[in-house]
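Report on the following structure.
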């Protein structure tokens with residue numbers, strides 16, 4: 001009799017361990033997607049004209065995966081069989097969404113299935129504490145990781161001028177194209193960006209029928225040296241041998257170079273890595289190489305031209 005009681009106690013403890021491992025898994029996935037979501041919200045998102053639109057986009061898009069795993073955790077804590085079934089379905093859906101492969105099975109589907117199985121065979125007690133952990137820790141990640149970018153985005157400079165801009169300082173003096181075919185909001189692969197620059201008319205608002213060769217893509221060094229924040233040049237330096245950009249101050253998505261109301265956060269440069277890749281620059285000044293065919297919705301370009309005479313347009317002197 002005593003032996004049976006000891007066996008039951010060990011089994012109960014094992015179930016509790018399994019249950020809390022499942023809770024830890026749900027919490028870990030929630031925290032991971034909370035970190036990714038809040039960072040990407042202020043990196044890719046937050047370009048709408050209204051606070052309501054920006055908040056709606058954040059909740060609906062960038063924090064959706066966090067909310068999904070938090071909700072799954074809560075369901076599993078309260079109804080373990082339903083939670084196990086939902087995890088099984090989600091794992092299978094992930095295989096279909098990311099295409100079936102060994103990596104998908106091992107890195108995405110299997111962890112989700114394992115958490116569901118642990119909830120099913122495990123025991124979560126006390127439930128209220130488990131629910132508080134599953135909900136609270138991801139929310140703390142959102143708050144902790146969202147404070148700095150929220151303050152930065154709220155303080156962005158945007159003068160609303162989308163015309164030709166003279167940007168000078170840090171060894172560079174160039175005119176940047178106005179909003180239009182030489183500064184589009186839609187995605188453009190590298191070859192198409194170069195073609196548009198060649199055909200861009202003098203005023204920058206139309207494409208000519210024949211090459212004009214007035215405008216071009218900026219080199220990666222020109223782009224790095226032109227980056228600014230709050231109207232001041234960031235002191236960017238491009239190290240070609242290390243393929244790395246460094247700044248005295250981190251740039252941001254601000255006038256006169258960037259449109260804070262555009263989804264575009266990356267630009268092509270004219271500098272090629274090889275036949276298939278070229279360098280791109282982000283609004284925060286980071287530089288990477290990308291396939292020239294790469295053209296997601298947030299990836300475009302802005303053409304530049306040499307300044308042959310004193311510009312009559314608004315300029316920002318960036319020393």
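The values are calculated or read from the model by the stated rules, or taken from the named source; none is laboratory data. Predicted model, so just to flag it, every value in this text is computed and none were measured. All Cβ positions, glycine included, derive from the backbone under ideal geometry; neighbour counts span all protein chains shown.
Screening residue 197 against (1) in a helix (DSSP H, G or I); (2) surrounded by fewer than 14 Cβ atoms within 10 Å (Cβ to Cβ); (3) touching a strand residue (DSSP E or B) at 6+ places or on another chain (Cβ under 9 Å) leaves a single unmet condition, (2).
Look at (1) at pLDDT below 85; (2) over 23 Å from the mean Cα position of the chain (by Cα) and you find that residue 50 fails only one, number (2).
Annotation note: Cβ proximity below 6 Å between a residue of region 200-215 that is assigned by TED's automatic domain parsing to the domain that holds residue 176 and a residue that is exposed (fewer than 13 other Cβ atoms within 10 Å of the Cβ) (sequence gap 6+ or interchain) occurs for 201/208; 214/202. Of all residues in region 60-70, those satisfying the criterion of being over 14 Å from the mean Cα position of the chain (by Cα) and over 12 Å from residue 23 (Cα atoms) are 60, 64, 65, 66, 67, 68. All told, residue 170 falls short of being touching a residue at least 24 places away in the same chain (Cβ under 8 Å) and surrounded by fewer than 19 Cβ atoms within 10 Å (Cβ to Cβ). The residues on offer are 250, 219, and the sole one that is at pLDDT 95 or above, over 23 Å from the mean Cα position of the chain (by Cα) and surrounded by fewer than 21 Cβ atoms within 10 Å (Cβ to Cβ) is 219.
For residue 156, indicate whether it is in contact (Cβ under 8 Å) with a residue 40 or more places away in the chain, part of a helix (DSSP H, G or I) and closer than 16 Å to residue 250 by Cβ. When the stated conditions are applied, residue 156 does not pass them. Scanning region 206-236 for residues that are touching a strand residue (DSSP E or B) at 6+ places or on another chain (Cβ under 8 Å), over 30 Å from residue 151 (Cβ atoms) and in a loop (DSSP other than H, G, I, E, B) turns up 206, 208, 212, 214, 215, 217, 219. Somewhere in region 220-240, is a residue farther than 17 Å from residue 304 by Cα and in contact with a helix residue (DSSP H, G or I) (Cβ under 6 Å, 6 or more places away or on another chain)? Yes, because at least one residue in region 220-240 is farther than 17 Å from residue 304 by Cα and in contact with a helix residue (DSSP H, G or I) (Cβ under 6 Å, 6 or more places away or on another chain). Of all the numbered requirements in (1) crowded, with 16+ Cβ neighbours inside 10 Å; (2) in contact with a helix residue (DSSP H, G or I) (Cβ under 9 Å, 6 or more places away or on another chain), residue 125 misses one, and that requirement is (1). Residues in region 104-122 that are touching a helix residue (DSSP H, G or I) at 6+ places or on another chain (Cβ under 6 Å) and either under 25 Å from residue 41 (Cβ atoms) or outside any helix (DSSP H, G or I) (or both): 108, 112, 122.
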